[in-house]
Amino acid sequence: MLIREATADDWPHIWPFWHRIVAAGETYAWDPDTSEEAARALWTNPAKRVYAAEDETGAVVASAYVSPNYGGPAARIANAGFMVDPDRAGRGTGRALAEHVLAAAKADGYRGMVFNAVVETNPAVRLWISLGFTILGTVPDAFDHPRHGRVGLHIMHRAL
C-alpha cells in the first residue's frame, strides 16, 4: 500500500467515502449533511498535512490529516482525522495509515497526539488502544448515534 501526501487531484476520490462515512452519522461529530465544498475545506485545510492511501491498483482507499490540536506553546500536540473507505474495512488499511501518520507526526516534531471526540461505539477505538492511545476521559451522552442512541465521546491521547 502506498501512503503519500495528498494532492488536490485526490479529493474527488476521497469525497465519496468521506461523504458516506459522515452521512452515516456513526463515527464523526460533523454534520451528516455537510456539502462537498464544506467537506473539502474542512479536510484539506492548508493548515493540515493530508495523506492519501492507495491500494495495489492505485485507487485512493483512505485518507488522513494531521494538524496542531492547539496553538502557541501547545502546538507540539497533534490532532488527526482518519477515513477509510468502508468497502476496505478489515484489511489493515486503517492500521497502516495510522502507523504512517503517527511516524510522520513524530518526525514533524509533535510530542503527542490527541483525539478530542472519538465516538465510544466506533470500532476504531480498539485500533487506537492497540496503537498505544489511552482514554483520558469520556463525555457521557455527548453523541446522538443513529442506532445506539446517546453514547459518549472519548478523549484519547498517545505520546509520540
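The values are calculated or read from the model by the stated rules, or taken from the named source; none is laboratory data. Source: prediction; values computed, not measured. Note that each Cβ is placed from the backbone with ideal geometry, even for glycine, and that neighbours are counted across all protein chains shown. In case anyone asks, the SASA skips ligands and DNA or RNA and just uses the protein heavy atoms, side chains included. Shrake-Rupley method; radii C 1.70, N 1.55, O 1.52, S 1.80 Å.
Figures for the structure shown
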| item | result |
| --- | --- |
| Residues within segment 108-160 that are out of contact with any Pro (no Cβ under 6 Å at 6 or more places or on another chain) and assigned to a strand (DSSP E or B), tallied | 30 |
| Selection count where residues are in contact with a Leu (Cβ under 8 Å, 6 or more places away or on another chain), open to solvent by 60 Å² or more (accessible area, probe 1.4 Å) and of a type in the set (Val, Ile, Thr), scope segment 113-137 | 0 |
| Search result, residues across segment 24-34 that are of a type in the set (D, E, K, R) and touching a residue at least 60 places away in the same chain (Cβ under 8 Å) | GLU26 |
| Residue identified as among the β-branched types (Val, Ile, Thr), touching a residue at least 24 places away in the same chain (Cβ under 8 Å) and open to solvent by less than 20 Å² (accessible area, probe 1.4 Å) among ILE3, ILE77, ILE14, ILE21 | ILE14 |
| Selected residue (criterion: farthest from GLU56 (Cα to Cα)) from residues of segment 87-103 that are surrounded by fewer than 19 Cβ atoms within 10 Å (Cβ to Cβ) and at pLDDT 95 or above | ALA103 |
| Only listed residue being of a type outside the set (Lys, Arg), free of Cβ contacts under 8 Å to residues at least 24 places away in the same chain and part of a helix (DSSP H, G or I), chosen from ALA38, ALA98, ALA104 | ALA38 |
